[in-house]
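Before any comments, here is the structure.
The values are calculated or read from the model by the stated rules, or taken from the named source; none is laboratory data. Everything numeric in this text was worked out from a predicted model, so none of it was measured. Cβ placement follows ideal geometry from the backbone for every residue including glycine, while neighbour counts extend to all protein chains displayed.
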Amino acid sequence: MPDNQANDQPQPPTLEELIKSNDTAQIEEVFEELPPVEIARLISGTTKSEQIHLLEILGPEESAHLISKISDLGTGNLVTQMPTPQAVSIVKEMSRDQQAHFLRTMGGDDAEAILDEIKPQKAKKIRKLMSYPENTAGALMITEYLSYDGDLLVKEVLDDLRAQGEAYSDYDIQYAYVVSDSGRLIGVLRLRDLLMAPRSKTIKEIMIKEPLHVNSNMSLRDLRDFFQQHSFLGVPAVNDDGELVGVVRSASVRDAANRQNNQLFLKFAGIVGGEEYRTMSLFKRSSRRLSWLSINILLNIVAASVIALYQDTLEQAIVLAVFLPIISDMSGCSGNQAVAVSIRELTLGLVRPKELLRVLTKESAIGLVNGLVLGLLLGAAAFLWKGNPWLGLIVGGALAANTLLAVSFGGLVPLILRGLRTDPALASGPLLTTVTDMCGFFFVLSFASILLPRLAG
């Protein structure tokens, strides 16, 4: 009975139903209770027209808040679907760093159309933030922070905080920063020290002198290392002249590192152009996948041509066809391991493109050991299957040789591509696949040609 009663209870309305009914209050309540990933999942299940209507009924402020929560989850392109005036009203409600990140992601004419509708002075500041290279301190920093002249009294700063409380309410205030007349960073002021200090003192008397800071051009890798060494919530960022230009939060660095790892994974998988979500248009998703797939057709034709050269050998020893995909696949897996290690070390700065000999020495040693072990296993399996030791020798030797080649090449190709200013994550996989297929086929069929009489016997 209780189960039946539970089943008879009305189900809560879906997001689509709430949008259709213009129930803003309930939509906001639903979004407030859910984590960002669940919100993104719900929105991705709606149509484009429903998504546009959702932003319309939420209004600019709530829409900006929503987009800031889910912009990294595939639904941040919602604004691009709206007319420019409505898109501008939403972007205006974002913080400056959010505006820069959002418009940088949007790019192209859509971003420029929105910037053209923003006051020139504000648009200039946003463009300045957008000008910083991606994944640098300047691109990640916030520009809403408190800074004061060091000669101000504690009383004057406290009065300012009270008077401007509403304006500062959206600031992520942990510290205030003390600057010189020229804007150079000279100290950090803990708000606790400010509240406890005598009101007649100047803030430069109670500030933390010579504070740690980062340059606005510092890379994401160095920022990540900085926050691993220092358990700060944020760190001031200065330009080349030592002027305070923003604050980099540890949470922003962590999020950027996660995004970078995700992009690296997609590139390695052969998806060009950044993140892909099923909410994107069919054309955009298709083009991102086809970029390297179409090139792979040509590369695989090259690999297949090796089989054509040894067609007669393969016809006389058709059993070899069983082992060709095994040798190709196992060698490819071994090579991909080497590729992954090299790309990771390049990303972390642990290896440089010029260190080819060191990488070759390390990887060839692994390739030799793993190749011999894998070759022995496959050769033994071939012998037990057909009872022909020469078959075992051919396929085992081919796998050993191809594994050595694949691991050595896999370790080197990311360094070579980086030296040629090509993204190693994007091109290493297809190149490795072609080389391992072509060489694997060559080793098997050439060894078989030499030992064909014994193999046939």
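Just give me the residues in the stretch 210-219 being polar (S, T, N, Q) and either in contact with a helix residue (DSSP H, G or I) (Cβ under 7 Å, 6 or more places away or on another chain) or assigned to a loop (DSSP other than H, G, I, E, B) (or both), in sequence order.
Asn215, Ser216, Asn217
Within the group Pro198, Pro211, which residue is surrounded by fewer than 20 Cβ atoms within 10 Å (Cβ to Cβ), farther than 14 Å from Val154 by Cα and at pLDDT 90 or above?
That would be Pro211, the only listed residue that is surrounded by fewer than 20 Cβ atoms within 10 Å (Cβ to Cβ), farther than 14 Å from Val154 by Cα and at pLDDT 90 or above.
Restricting attention to the stretch 416-437, which residues are touching a Ser or Thr at 6+ places or on another chain (Cβ under 8 Å) and surrounded by fewer than 23 Cβ atoms within 10 Å (Cβ to Cβ)?
Leu417
Do we have Arg418 as at pLDDT below 95, of a type in the set (D, E, K, R) and in contact with a Pro (Cβ under 8 Å, 6 or more places away or on another chain) here?
It is true that Arg418 is at pLDDT below 95, of a type in the set (D, E, K, R) and in contact with a Pro (Cβ under 8 Å, 6 or more places away or on another chain).
Run down Asp160, Asp151 and say which single residue is of a type outside the set (Lys, Arg) and either outside the structural domain of Met218 (by TED's automatic domain parsing) or surrounded by 14 or more Cβ atoms within 10 Å (Cβ to Cβ) (or both).
One residue alone meets the criteria, Asp160.
Could you please tell me which pairs satisfy a Cβ distance under 7 Å, a separation of 6+ or placement on different chains, a first residue in the stretch 26-53 that is within 19 Å of Ala87 (Cβ to Cβ) and acidic (Asp, Glu), and a second residue that is part of a helix (DSSP H, G or I) and modelled with pLDDT of 85 or more?
Close Cβ pairs satisfying both conditions: Glu50/Glu16; Glu50/Ile19.
Is the stretch 281-303 home to any residue that is of a type in the set (Gly, Ala, Ser), closer than 30 Å to Lys386 by Cα and either at pLDDT 75 or above or touching a Gly at 6+ places or on another chain (Cβ under 9 Å) (or both)?
Yes, the stretch 281-303 contains a residue that is of a type in the set (Gly, Ala, Ser), closer than 30 Å to Lys386 by Cα and either at pLDDT 75 or above or touching a Gly at 6+ places or on another chain (Cβ under 9 Å) (or both).
Is there a residue being polar (S, T, N, Q), in a strand (DSSP E or B), outside the structural domain of Glu112 (by TED's automatic domain parsing) and surrounded by 14 or more Cβ atoms within 10 Å (Cβ to Cβ) anywhere in the stretch 172-183?
No; the residues of the stretch 172-183 include none that is polar (S, T, N, Q), in a strand (DSSP E or B), outside the structural domain of Glu112 (by TED's automatic domain parsing) and surrounded by 14 or more Cβ atoms within 10 Å (Cβ to Cβ).
From the residues in the stretch 396-438 that are over 12 Å from Ile343 (Cβ atoms) and among the polar types (S, T, N, Q), which one is farthest from the chain's Cα centre (by Cα)?
Step by step, filter the stretch 396-438, then rank; the result is Asn402.
Filter the helices (runs of 4 or more DSSP H) completely within the stretch 376-457 down to those with at least 1 residues that are under 12 Å from Ser331 (Cβ atoms) and either among the acidic types (Asp, Glu) or outside the structural domain of Gln311 (by TED's automatic domain parsing) (or both).
Where helices (runs of 4 or more DSSP H) fall fully within the stretch 376-457 and carry at least 1 residues being under 12 Å from Ser331 (Cβ atoms) and either among the acidic types (Asp, Glu) or outside the structural domain of Gln311 (by TED's automatic domain parsing) (or both), they are 424-450.
Considering only the stretch 184-209, how many residues are part of a loop (DSSP other than H, G, I, E, B) and not charged (D, E, K, R)?
4
Could you list, in sequence order, the residues of the stretch 151-171 that are part of a loop (DSSP other than H, G, I, E, B) and at pLDDT below 90?
Within the stretch 151-171, Gln164, Ser169, Asp170, Tyr171 qualify.
Of (1) within 24 Å of the chain's Cα centre (by Cα); (2) surrounded by fewer than 19 Cβ atoms within 10 Å (Cβ to Cβ), Met141 satisfies all except one. Which?
It is condition (2) that Met141 fails.
Filter the stretch 60-86 down to residues that are closer than 17 Å to Lys48 by Cα and over 26 Å from the mean Cα position of the chain (by Cα) and give me whichever is modelled with the highest pLDDT.
Result: Gln86.
For the stretch 365-387, indicate whether the set of residues that are among the basic types (Lys, Arg) and either under 26 Å from the mean Cα position of the chain (by Cα) or closer than 22 Å to Arg221 by Cβ (or both) is non-empty.
No; the residues of the stretch 365-387 include none that is among the basic types (Lys, Arg) and either under 26 Å from the mean Cα position of the chain (by Cα) or closer than 22 Å to Arg221 by Cβ (or both).
Any residue at all in the stretch 318-341 that's surrounded by 20 or more Cβ atoms within 10 Å (Cβ to Cβ) and over 34 Å from the mean Cα position of the chain (by Cα)?
yes
Every residue in the stretch 18-71 that is of a type outside the set (S, T, N, Q) and outside any helix (DSSP H, G or I), please.
Result: Asp23, Leu34, Pro35, Gly45, Gly59.
Do we find that Ala176 is touching a Ser or Thr at 6+ places or on another chain (Cβ under 6 Å) and either touching a residue at least 60 places away in the same chain (Cβ under 8 Å) or within 24 Å of Leu212 (Cβ to Cβ) (or both) in this structure?
no
In this structure, does Val245 turn out to be in a strand (DSSP E or B), modelled with pLDDT of 90 or more and either more than 19 Å from Gln98 (Cβ to Cβ) or touching a Lys or Arg at 6+ places or on another chain (Cβ under 8 Å) (or both)?
Spelling it out, it is not the case that Val245 is in a strand (DSSP E or B), modelled with pLDDT of 90 or more and either more than 19 Å from Gln98 (Cβ to Cβ) or touching a Lys or Arg at 6+ places or on another chain (Cβ under 8 Å) (or both).
Is it the case, given these coordinates, that Leu356 is under 22 Å from Phe447 (Cα atoms) and either touching a residue at least 24 places away in the same chain (Cβ under 8 Å) or outside the structural domain of Phe409 (by TED's automatic domain parsing) (or both)?
The answer is no for Leu356.
Would you check if Gly367 is assigned to a helix (DSSP H, G or I) and touching a residue at least 40 places away in the same chain (Cβ under 8 Å)?
In short, yes.
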